[in-house]
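Each remark here refers to the structure printed beneath this line.
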Amino acid sequence: MQNCLIGIFCMAPRARTVGQDDRRALQKMLAWLQKIGVVPATCFSSPVSQRKTVVDDFEQYMLRQRGLSPTTLKVYLPYISLFLRQRFGEGTIELETLVAHDIIAFVQRNSRSLGQSSVQHLVTALRAFLRYLRHTGKISIDFAACVPSVANWSFSTLPKGLLPTQVEQILDNCERATSIGRRNYAMLLLLARLGLRAGEVAALTLDDIDWEQGHITVRSKGGRWTRLPIPQDVGKAISDYLSNGRPLCTDRRVFIRGHAPRTGFSASTWCFCGRQIGIVGFGN
């Protein structure tokens, strides 16, 4: 029945393929037909299509309601699909039957074969999915708190932040006699004074700076943006770089490579990134 409806739907002049929104619309129509007794329960959907529908709905919610970036969702969605497959197998997906043991057992079972970074992505994705289920009324209990935390032993990784005194020492000793030095100093000040991410600094364009109003527009993940005032020392450092260090080029990004090709940074390589400052390996 479902395949027949999809085939009829595709015959319409307005569309040649079935998109995600079309599939969801068909699922709702089939649910209504099942409710009034026209379609038997066995014809409703397969476990695979049910799982895909749940994952697709979660994806659209995170994109539209939470503003999560598509890149982040590409990391999260396989873990959600894995969770549903391991919990419900080839049976019907009944989210209201979830219990705390299901969440804990899933994390414990899969953490043995994953690295620390992957396990952190897994638990973050699972928490987001469980909060989504609770918020949309698909489950009545908030199981997000049941997701185990990932152990991160002290000194097992690089430090995640610097003390204010260490930040000032770095800024005071930053070389500013060359164009690359002036560029790096301005970038470090943006990280230190405004708390920007390394990627946000690298993506800053000339059009994002309003010198008359004294603010910059910072563009973040998921198409979000915010407007921040430019501190005096930050504005002076950027102005010094633009006047005395930035190479002539057609790229509209503020910070340009010191050597050819004369373009902005496609990605920022960072060594330390904390709430106050990130030490960035900008290269040339």
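The values are calculated or read from the model by the stated rules, or taken from the named source; none is laboratory data. Just so it is clear, the structure is predicted and the values come from calculations on it, not from any experiment. Methodologically, a virtual Cβ is constructed for each residue, glycine included, from the backbone with ideal geometry; neighbour enumeration extends over all protein chains shown. These area figures cover heavy atoms from the full protein model, side chains too; ligands, DNA and RNA do not enter into them. Shrake-Rupley method; radii C 1.70, N 1.55, O 1.52, S 1.80 Å.
Some observations on this one:
- Verdict on Q60 being modelled with pLDDT of 75 or more, crowded, with 17+ Cβ neighbours inside 10 Å, out of contact with any helix residue (DSSP H, G or I) (no Cβ under 7 Å at 6 or more places or on another chain) and not charged (D, E, K, R): no
- In the condition set (1) modelled with pLDDT under 90; (2) within 29 Å of T226 (Cβ to Cβ); (3) aliphatic (A, V, I, L, M), L190 is compliant with all but (1).
- Of the residues making up the stretch 154-168, none is open to solvent by less than 60 Å² (accessible area, probe 1.4 Å), closer than 30 Å to Q65 by Cβ and out of contact with any Phe, Trp or Tyr (no Cβ under 9 Å at 6 or more places or on another chain).
- Within the stretch 169-183, the residues that satisfy the criterion of being surrounded by fewer than 21 Cβ atoms within 10 Å (Cβ to Cβ) and not acidic (D, E) are Q169, I170, L171, N173, C174, R176, A177, T178, S179, I180, G181.
- Residues located in the stretch 83-117, provided they are more than 23 Å from D57 (Cα to Cα), hydroxyl-bearing (S, T, Y) and part of a helix (DSSP H, G or I): S111, S117
- Residues of the stretch 192-240 that turn out to be in a helix (DSSP H, G or I), in contact with an Asp or Glu (Cβ under 8 Å, 6 or more places away or on another chain) and within 27 Å of L63 (Cα to Cα), as a count: 0
- When the stretch 166-191 is filtered for residues that are farther than 10 Å from G245 by Cα, of a type in the set (A, V, I, L, M, F, W, C) and part of a loop (DSSP other than H, G, I, E, B), only C174 remains.
- The condition of being of a type in the set (F, W, Y), over 16 Å from T53 (Cβ atoms) and open to solvent by less than 30 Å² (accessible area, probe 1.4 Å) holds for only one of F106, F83, that being F106.
- Take the conditions (1) of a type outside the set (F, W, Y); (2) touching a residue at least 12 places away in the same chain (Cβ under 8 Å); (3) open to solvent by 20 Å² or more (accessible area, probe 1.4 Å); E94 misses just one of them, which is (2).
- The residue that is surrounded by the most Cβ atoms within 10 Å (Cβ to Cβ), among those in the stretch 205-215 that are touching a Gly at 6+ places or on another chain (Cβ under 9 Å) and not small (G, A, S), is I209.
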